[in-house]
Structure formats: C-alpha cells, structure tokens
Amino acid sequence: MTRIYAIANQKGGVGKTTTAVNLGAYLAAAGQRVLIVDIDPQANATSSLGLGASQLPRSIYDVFSGETELADVITLTNRMRLDIVPSSHAMAALETEAVETIRDPYQRSFLLRNALTPTLHRYDYILIDSPPSLGLITVNAMTAAQGVLIPVQSEYLALEGLGQLLSTIDKVRRGLNPALRIVGILVTMADMRNKLSRQVEEEIRKYFQDLVFKTVIPRNVRLGESPSYGEPINAYAPNSAGARAYQQLAEELLIRDGVMSPTSPQGAVA
Ligand SMILES: Nc1ncnc2c1ncn2[C@@H]1O[C@H](COP(=O)(O)OP(=O)(O)OP(=O)(O)O)[C@@H](O)[C@H]1O
Ligand SMILES: [Mg+2]
C-alpha cells in the first residue's frame, strides 16, 4: 500500500519543504521507495534536491495542464530510492488557467490524484510539498492524499491560522476525500533554551494531544544550509542535531504506520 501524505500549512516558512525533503530522505534510507511531489510554484523542494527548476524540460505544471504523464516527469535524485517530481514557476499561473479550462470545480480538485494513480505501485511513500496557501494546488494535494502532515513552527502565533487549515481539511474530507486524516502535527524550529518556544510546544500538545509527533525538530543551522548544497541533511550533515531529529521522525512515522515494529532495534526511539 502506498502512503500519500500532503505536507501542508498555509503559513509560510514553517518547515514544510525541509520536512518533505529530509523526512523523505530518511524514509528512503530506511528502505522505503519514496517520491516527493513538489507542487509549490517556489519549487524549493526541487532546488533543495539539487535540481534547477528553470533548467528542467518538464515539471508538475505539464502534468497539471494535461501535457504529460506524471511518470515522464519523475526525476531521480542523488539518493537511492528517493525520486522527485519537480515543480516550476509556471505553477503560479495554474490556478487561473485551470479555472478557465476546467469548468467543473470537483474535477479541478482531482488533477493530482488522477495523475498519481498509475505510478502508485512504484512507491511506498509519496510526500507532497504544498505551497503556503489553501488554494486549488493545496486542495489537489489534500484530495490526492490519505493524510496531512502539518508542520508548526514553535514561535509566537504558531496556532494562528491552524483553525482555517483544519476547516479546509474538513471541507476536503466532506466533499472530495472522505478518507483524509491528519497524520500528525510536527513542531519545527524549536529552541529548547527559549521559554516561549517551550510554551508554544506545550500549548500545541495540550490542544492536539496524541496527534503531535513526539519528535521535535530543533532549530539547526545545518538544516538551513543543506538546501543550498542540493542535498538532504543525511548527506550534508548526518551527525547534526537536525539530521538526528529527522531520522527520529522517520522512525516514529514508520512505527505509527505499522511499517516498523517498535521493538526492532532501529525502532528503539519509540
Ligand atoms: N529546523 C530548522 N532549523 C533551521 N532552519 C530551518 C529549519 N527548518 C527550516 N529551516 C529554514 O527555514 C526556511 C523556511 O523553511 P521551509 O522552506 O522548509 O519552510 P516552508 O514551510 O516550506 O516555506 P514556504 O511556506 O515558503 O514553502 C528555509 O530557509 C529553511 O532552510
Ligand atoms: Mg516550502
């Protein structure tokens, strides 16, 4: 069974792309076949994995516009078992174009889901990196996915906007994708020495309880640097605190998903 997770939060800069790339890299390192689907016009996941969005012949845009099959856009990365469907800046126009060309809003929301169907058997995990908005592109991600993984930055006003995100998830569940669930809430960019950061984490846990991953991603300089080297953290700085955190997150997710047993040696973190 392929697990398809949309990584979403309409708040910008909370760690969606960093999570897609590095969680993906550690799931692949753990033996899972992983596809990252970049649907953000900023194409940050694409460039974080060393691909120049402007140099690629095709992107997810061509898939959304019906020009190409998704399989033809899948690109290998330097990491084994980690593939990507790159995005491009052309995606910025998608929303307006799709409204003009596809009259039926229901059909417009299923573009990604339909495009993914023929390639599902090739992957264990598909992680969709969404843009910071709740528009058509993110709705496509939620319609295609079984779950939404929500990174939340541990800072002032972290919870602001989450209500809107949860209500969008609810709307998608009611109208488009009844199986959609929340995979987990991930606290990112945490600074344990900072009282506010600890308080925010506490508040998130109080509110969302077991939905919150035990793993917390610390603020870590190496995580911020690795995209400019075009490598995920397990290649760029495998001994950094950021690397350890994403490895632990991958293990926690594999255990939650029943792929890895909590008693297996690698699962000791649980
Ligand atoms: N744990 C971390 N420690 C330090 N820097 C981080 C961490 N996580 C992400 N960053 C950096 O913070 C910035 C925002 O992160 P990222 O791009 O992952 O967020 P995003 O939610 O995808 O943003 P957008 O909404 O623009 O797509 C990036 O420069 C990234 O390298
Ligand atoms: Mg991003």
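The values are calculated or read from the model by the stated rules, or taken from the named source; none is laboratory data. These figures come from a predicted structure and were not determined experimentally. Every residue, glycine as well, gets a Cβ built from its backbone with ideal geometry; the counts of neighbours run over all protein chains shown. Each accessible area value is taken on the protein alone, full model and side chains, heavy atoms only, with ligands, DNA and RNA left out. Shrake-Rupley method; radii C 1.70, N 1.55, O 1.52, S 1.80 Å.
If we sort 64-75, 117-128 on the protection proxy, mean other Cβ atoms within 10 Å, highest first, what's the order?
Top to bottom by mean Cβ count within 10 Å: 117-128, 64-75.
Can you tell me the Rg and the Dmax, both Å, for the Cα atoms in the chain?
Expressed in Å, the Cα Rg and Dmax of the chain come to 17.5, 54.
What are the trypsin sites (Lys or Arg not before Pro) within the range 68-118 that DSSP puts in a loop, where the Cβ has at most 13 other Cβ atoms within 10 Å?
R103
Using the Cα centre as the reference, give the magnitude of the dipole from point charges on the C-beta atoms of the chain (Lys, Arg: +1; Asp, Glu: -1; all else neutral), rounded to the nearest 20 debye.
680
Can you give the accessible area of K16, probe radius 1.4 Å, in Å² rounded to 10?
My reading of the accessible area for K16 is about 10 Å².
Which whole-Hz ³J(HN,Hα) couplings does the range 18-34 yield from phi under the Karplus relation 6.51 cos²θ - 1.76 cosθ + 1.60, θ = phi - 60°, glycine and proline marked x?
4, 6, 4, 5, 7, 5, x, 5, 6, 5, 5, 5, 7, x, 7, 8, 10
Per residue of the range 246-263, what does 6.51 cos²θ - 1.76 cosθ + 1.60 with θ = phi - 60° give for ³J(HN,Hα)? Whole Hz please, x for Gly and Pro, Karplus curve as stated.
In residue order, the calculated couplings are 6, 5, 5, 4, 4, 5, 4, 5, 4, 6, 4, 7, x, 7, 10, 8, x, 8 Hz.
Just give me a number: lysine pairs in the range 3-258, eight or more positions apart or cross-chain, with C-alpha atoms less than 19 Å apart.
5
Which residues' amide hydrogens lie under 5 Å from the amide hydrogen of V212, considering only partners 5 or more residues apart or on another chain, with H built in the peptide plane?
I185
How large, in percent, is the carbon and sulfur part of the accessible surface of the range 3-258 at a probe radius of 1.4 Å? Before the final figure, lay out the partial values.
Values: 5490 of 11160 Å².
Of all accessible area on the range 3-258, carbon and sulfur atoms account for 49 percent.
What spacing in nm lies between the two simple spin-label points modelled at M80 and E225, each 7 Å away from Cα in the Cβ direction?
Label-label distance for M80 and E225, simple model: 2.7 nm.
Amide H of R79: which non-local residues (sequence gap of 5 or more, or other chain) have their own amide H closer than 5 Å, using H built in the peptide plane?
none
When ligands, DNA and RNA are left out and all protein chains stay put, how many square angstrom of accessible area per residue does the range 3-258 have with a 1.4 Å probe?
On a per-residue basis, 44 Å².
Could you tell me the distance between the Cα centroids of the range 157-220 and the range 62-84, to the nearest Å?
Centre-to-centre distance over Cα atoms comes out at 29 Å.
Short version: ³J(HN,Hα) in whole Hz for each residue of the range 172-186, in order, from phi by Karplus 6.51 cos²θ - 1.76 cosθ + 1.60 (θ = phi - 60°), x for Gly and Pro, what are they?
5, 4, 6, x, 10, 8, x, 7, 5, 9, 8, 6, x, 9, 10
Normalised by the number of residues in the range 3-258, what is the relative contact order in percent for Cα pairs under 8 Å and 6+ residues apart?
Relative contact order of the range 3-258: 26 percent.
Taking springs between alpha-carbon atoms closer than 10 angstrom, which of G15, G175, G50 fluctuates most in the Gaussian network model of the chain?
For the chain, modelled as a Gaussian network with Cα springs under 10 Å, the answer is G175.
How would you classify the range 52-156 from its alpha-carbon gyration tensor, with a ≥ b ≥ c the square roots of the eigenvalues: rounded for a/c under 1.5, else prolate if a/b is greater than b/c, otherwise oblate?
rounded
Which residues' amide hydrogens lie under 5 Å from the amide hydrogen of V37, considering only partners 5 or more residues apart or on another chain, with H built in the peptide plane?
The list, which skips near neighbours in sequence, is V85, L127, I128, D129.
Taking 8 Å as the Cα distance limit and 6 or more residues as the minimum spacing, I'd like the relative contact order of the range 127-270 as a percentage.
Computed value for the range 127-270: 17 percent relative contact order.
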